[in-house]
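Q: For reference, the structure I am asking about is given below.
Please treat every number below as a calculation from the coordinates, not as lab data. This structure is a prediction, so every number in the text was calculated from the model and none was measured. As a convention, Cβ positions derive from the backbone with ideal geometry for all residues, glycine included, and neighbour counts pool all protein chains shown.
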Amino acid sequence: MIKVSVMYASKPGVRFDHNYYRTRHLPLIKNRMGSALKYYTIDKGLMDSKMKSPGPYVAMCHLLCDSLDEYESSFRPHAQEIDGDIRNFTDVTPIVQISEVVVENSEPEVLHRIPDREASPYGQSRL
């Protein structure tokens, strides 16, 4: 599975219409990509790691597809239309990263077992 992350950096005076992004832009992508887009998520930036607002990104989305070929064959024919819609909700040029999804499920049964304290070279567990 691959994940395409589209990130919009925060900057002073940034224009970003979260409602348009959620109700128009991402549904446009889903409509054009069809079943090749398994699902997507939308993140709205709040703060950085020091709990200071704004965060480094005003927003981002993640598109999940079974393969890079499926992503490219479903997105590429509509790239101009989708890219052209960006100006309707922001003045930021997005940063795009394509990643391989290594772990998708974080349910307890798939997490690695934490060793007993006696067996751990690091002493007491902090979890």
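Q: Work out how much length M47 to S67 would gain on full extension: take 0.36 nm times their residue separation and subtract the Cα-Cα distance, in nm to one decimal. Provide the component values of the computation, followed by the final result.
A: Numbers: separation 20, 0.36 × 20 = 7.20 nm, distance 3.20 nm.
Extra length available between M47 and S67 comes to 4.0 nm.
Q: Still on this model: Can you compute the FRET efficiency between H18 and T93 using 1/(1 + (r/R0)^6), with r the Cβ-Cβ distance and R0 = 22 Å? Round to the nearest 0.05. Please list the in-between numbers first.
A: Working: r = 18 Å, r/R0 = 0.80.
With R0 = 22 Å, the Cβ-Cβ based efficiency is 0.80.
Q: What trypsin sites (Lys or Arg not before Pro) does region 1-87 have in DSSP loop regions with at most 16 other beta carbons within 10 Å? Walk me through the numbers before you get to the answer.
A: Numbers: sites: K3, R15, R22, R24, K30, R32, K38, K44, K50, K52, R87; in loops: R15, K38, K50, K52.
Within region 1-87, the qualifying trypsin sites (Lys or Arg not before Pro) (loop, at most 16 other Cβ atoms within 10 Å) are R15, K38, K50, K52.
Q: Sticking with this one: Enter the per residue convex hull volume of region 2-119, computed from alpha-carbon coordinates, in Å³ rounded to the nearest integer.
A: Numbers: hull volume 16.5 nm³, N = 118.
Expressed per residue, the convex hull around the Cα atoms of region 2-119 is 140 Å³.
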